[in-house]
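Scroll down for the structure; my scribbles are underneath it.
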Amino acid sequence: MTAPSPARLLITNAHLLEPESGELGGVSWLEVADGRIAATGTGRAPAASEQVRHIDVAGATVLPGLVDAHVHILLTSFDPKEAASWTAGYATVRALREAERMLRRGFTTVRDVGGADHGMAQAIDEGLAVGPRLVFGGKALSQTGGHGDIRPLGDDAMPCCQSRPSFARIADGVEAVRAAARDEFRKGAAHLKMLISGGVASPHDEVSAVQYTDEEIRAAVTEAEHHNRYVTVHAYHPRGVNRALRAGVRCVEHGNLIDDETIRLLIENDAFLVPTLVTYDQMARFGKRAGMPEASYKKVADVHKAALSSLERAHNAGVNLVYGSDLLGPLQITQLEEFTLRAEVQPPADILRAATSTAARLLRMEGQIGTLAVGAHADLLVVDGNPLEDISVLTRPELNLRHVVKAGQVI
């Protein structure tokens with residue numbers, strides 16, 4: 001079964017918002033053909049034939065679909081005991097249902113950085129499931145005892161996490177890292193994620209713990225470069241982040257505790273930072289109620305307070321900042337609240353670029369997503385209001401989001 005070919009679409013009486021320039025145009029029209037933006041203009045719109053769906057948006061804003069560059073569609077529960085009993089099929093159905101919710105919030109592209117696989121992306125591409133464009137990295141790489149080793153302390157089975165749907169896989173040593181990287185790229189991964197520090201969700205390590213050696217990180221970077229891919233790293237503390245940037249990684253996830261040296265390295269390497277403020281905000285508020293283990297909940301404070309300050313410093317220095325949420329389980333409903341938190345230290349235009357044009361550069365999809373340029377994928381949002389003046393236009397879809405269009409299809 002394949003997805004139906006996109007219908008032609010004509011949107012008129014619209015104000016087109018191009019995030020890269022940060023400008024909202026006058027009354028304009030936009031034409032879609034074969035899932036791509038075919039033409040835009042001002043003044044009199046082309047005549048719509050019977051084969052063209054015509055939407056008069058009566059002065060609403062049309063902007064590119066949003067990109068969330070840090071999601072885990074597979075992680076739909078906080079309770080590891082509950083998830084351990086799921087079959088692969090059941091876990092996948094839950095994941096695809098969550099992906100559909102993301103699309104309906106306005107995210108037409110998401111980058112999954114641990115868990116999603118080629119089958120999930122294929123199901124969406126073929127129209128078997130409704131969801132955003134899924135850019136996946138397969139399983140993240142973790143050392144034994146690292147952030148991705150979620151076994152209880154009494155479990156001595158090895159290897160861990162390899163044979164079932166999971167966020168991560170274990171790879172220890174240069175040769176094992178190299179083999180695991182090749183395997184994830186074999187399965188279609190668009191990037192490789194390495195877990196190089198402790199984390200909140202992993203119960204048995206400290207947030208500031210250093211994981212993986214320089215040699216292991218460099219081995220992953222080399223394999224990624226050979227495959228025309230890149231490495232991104234999970235890390236909070238400069239002890240881990242700065243080592244990774246010196247080893248050639250292209251992107252840092254979280255970075256809540258970064259220092260001035262980190263910011264210098266990010267800029268010198270033209271690397272990307274994906275802060276994920278909302279996940280720590282939500283875990284601090286509702287983590288216990290959502291089923292978060294006590295050991296994880298206690299670590300939230302270590303990274304929650306510093307996150308906004310680190311984002312502000314990175315923004316002021318001109319770091320490439322990309323939108324990411326990293327929400328797990330029932331907290332994923334707050335995916336849009338990352339906009340609200342960032343607005344405390346960033347103007348709306350910069351936040352919007354993080355979720356569109358800058359995200360497109362990270363995903364190496366410039367000119368394809370995050371833009372209204374002719375030839376780009378017709379991933380569009382039609383909203384009431386101007387997000388450049390009030391970012392909350394995007395955080396209240398129940399009030400402001402009129403239409404979501406993905407590849408020319410009105411969702």
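Coordinate-derived values only; no laboratory data. The model shown is predicted, which means the values in this text are computed figures rather than measured ones. No Cβ is skipped: glycine too gets one built from the backbone with ideal geometry, and neighbour counts run over all protein chains shown.
Across GLU50, GLU126, GLU23, mean-square fluctuation computed from a Gaussian network of the chain (C-alpha pairs under 10 Å connected) peaks at GLU50.
Residues of the range 390-411 falling in the label zone of ARG101, defined by backbone nitrogen less than 12 Å from a point 7 Å along Cα to beta-carbon, are absent. Annotation: Cα Rg of the range 299-362 relative to the compact-globule expectation 2.2 N^0.38 Å equals 1.14.
Charging the Cβ of each Asp and Glu at -1 and of each Lys and Arg at +1, and nothing else, the dipole of the range 1-130 about its Cα centre rounds to 240 debye.
When you count the other C-beta atoms within 10 angstrom of each residue and take the mean per peptide, 231-238, 403-410 line up highest first as 231-238, 403-410.
Which of these, PRO19, PRO80, PRO387, has the largest mean-square fluctuation under a Gaussian network model of the chain (Cα springs below 10 Å)? With Cα springs under 10 Å in the chain, the top fluctuation among PRO19, PRO80, PRO387 is at PRO80. Taking amide hydrogens as placed 1.01 Å from N in the peptide plane, the amide H of LYS406 sits under 5 Å from those of LEU380, ILE411, each at least 5 positions away in sequence or on another chain.
To the nearest 20 debye, what is the magnitude of the charge dipole of the chain about its Cα centre, counting +1 on the Cβ of each Lys and Arg and -1 on the Cβ of each Asp and Glu? It would help to have the intermediate numbers written out before the result.
On the way: 42 positive and 51 negative charges, 121 e Å.
With Lys and Arg at +1 and Asp and Glu at -1, about 580 debye.
Applying 0.36 nm per residue to the separation of ALA301 and GLU344 and subtracting their alpha-carbon distance, the gain on full extension is 13.6 nm. If you take the Cα centroid of the range 300-330 and the Cα centroid of the range 386-411, the two points sit 23 Å apart. A dipole drawn for the range 335-380 from +1 and -1 charges on Cβ atoms has a positive end, and of ALA349, LEU380, ILE369 the residue lying farthest that way is ILE369.
What the Cβ-Cβ distance of SER392 and HIS226 gives, at R0 = 45 Å and to the nearest 0.05, is a FRET efficiency of 0.50. Using θ = phi - 60° in the Karplus curve 6.51 cos²θ - 1.76 cosθ + 1.60, the 3J(HN,Hα) couplings for the range 179-188 round to 5, 5, 4, 4, 5, 5, 5, 4, 8, x Hz; x is entered for Gly and Pro. Taking θ as phi - 60° and the Karplus parameters 6.51, -1.76 and 1.60, the scalar couplings of the range 22-32 work out to x, 10, 10, x, x, 4, 9, 10, 9, 10, 10 Hz in sequence order, x denoting glycine and proline.
For VAL252, the residues whose modelled amide H falls within less than 5 Å of its own, excluding neighbours fewer than 5 places apart on the same chain, are VAL233, PHE272, LEU273, VAL274. Most simply put, the chain has about 45% antiparallel DSSP beta bridges, counting only bridges with both residues inside it.
Working note: Debye formula, equal point scatterers on the alpha-carbon atoms of the range 66-362, no solvent; log10 I(q)/I(0) at q = 0.07, 0.12, 0.16 Å⁻¹ is -0.22, -0.70, -1.39. 3J(HN,Hα) couplings calculated from phi for the range 110-123 with the Karplus curve 6.51 cos²θ - 1.76 cosθ + 1.60 (θ = phi - 60°) are, in sequence order, 10, 10, 8, 10, x, x, 5, 9, 5, x, 5, 4, 5, 4 Hz; Gly and Pro show x.
Taking amide H atoms as placed 1.01 Å from N in the peptide plane, the amide H of ALA140 lies under 5 Å from those of GLY115, ALA168, ARG169, each 5 or more residues away in sequence or on another chain. Reported value for the range 90-133: 63 Å³ per residue, from the convex hull of its C-alpha atoms.
ASN13 label point, 7 Å along Cα→Cβ, cut-off 12 Å on backbone N: hits in the range 26-67? Taking a point 7 Å out along Cα→Cβ of ASN13, the residues of the range 26-67 whose backbone N falls under 12 Å are 28, 55-60. Using C-alpha pairs under 8 Å with a sequence gap of at least 6, the mean separation divided by the residue count of the chain gives a relative contact order of 19 percent.
Which length gain, in nm to one decimal place, applies between GLU23 and HIS403 when the Cα-Cα distance is subtracted from 0.36 nm times their residue separation?
134.7 nm
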